[in-house]
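Undergrad: Pasting a structure below so you can have a look.
The values are calculated or read from the model by the stated rules, or taken from the named source; none is laboratory data. Everything numeric in this text was worked out from a predicted model, so none of it was measured. Every residue, glycine among them, receives a Cβ derived from its backbone with ideal geometry; neighbour counts consider all protein chains shown.
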Amino acid sequence: IAEAAGACAVMALERIPADIRAVGGVSRMSDPKMIKGIQNAVSIPVMAKCRIGHFAEAQILQAIEIDYIDES
């Protein structure tokens, strides 16, 4: 949907950030299988989050060849 609407990239998130904050939670890295599904479905860049300082999460994202990593 985002690509068809003209988006130049998408962020792979399992939940909406506002919903996460509303219950006092924090955004975490999404399931790599879900991220791969998004990558396979679109031709635009895909971004994904990893937690600050969690280099193992960043390594997983690098292994699945994510386009951009948001460490926050």
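Undergrad: Could you list all residues from the stretch 54-72 that are in contact with a helix residue (DSSP H, G or I) (Cβ under 7 Å, 6 or more places away or on another chain) and either of a type in the set (S, T, N, Q) or part of a strand (DSSP E or B) (or both)?
TA: Ile69, Glu71
Undergrad: Does any residue in the stretch 1-29 that is without any contact (Cβ under 8 Å) to a residue 60 or more places away in the chain come within less than 8 Å, Cβ to Cβ, of a residue that is surrounded by fewer than 13 Cβ atoms within 10 Å (Cβ to Cβ) and among the acidic types (Asp, Glu) six or more places away or on a different chain, and which pairs are these?
TA: Short answer, once both residue conditions are applied: Glu14/Asp31.
Undergrad: Considering the stretch 15-33 alone, what residues qualify as being in a loop (DSSP other than H, G, I, E, B) and surrounded by 13 or more Cβ atoms within 10 Å (Cβ to Cβ)?
TA: Ser27, Arg28, Met29, Ser30, listed by residue number.
Undergrad: Here is a further query. Of everything in the stretch 34-68 that's surrounded by 16 or more Cβ atoms within 10 Å (Cβ to Cβ) and free of Cβ contacts under 8 Å to residues at least 24 places away in the same chain, which residue is nearest to Ala5 (Cα to Cα)?
TA: So the residue we want is Cys50.
Undergrad: Sticking with this one: Return the total of residues in the stretch 41-55 being at pLDDT 95 or above, β-branched (Val, Ile, Thr) and over 8 Å from the mean Cα position of the chain (by Cα).
TA: 2
Undergrad: So, in the stretch 34-53, how many residues would count as being more than 18 Å from Pro17 (Cβ to Cβ) and outside any helix (DSSP H, G or I)?
TA: Of the residues in that region, 5 qualify.
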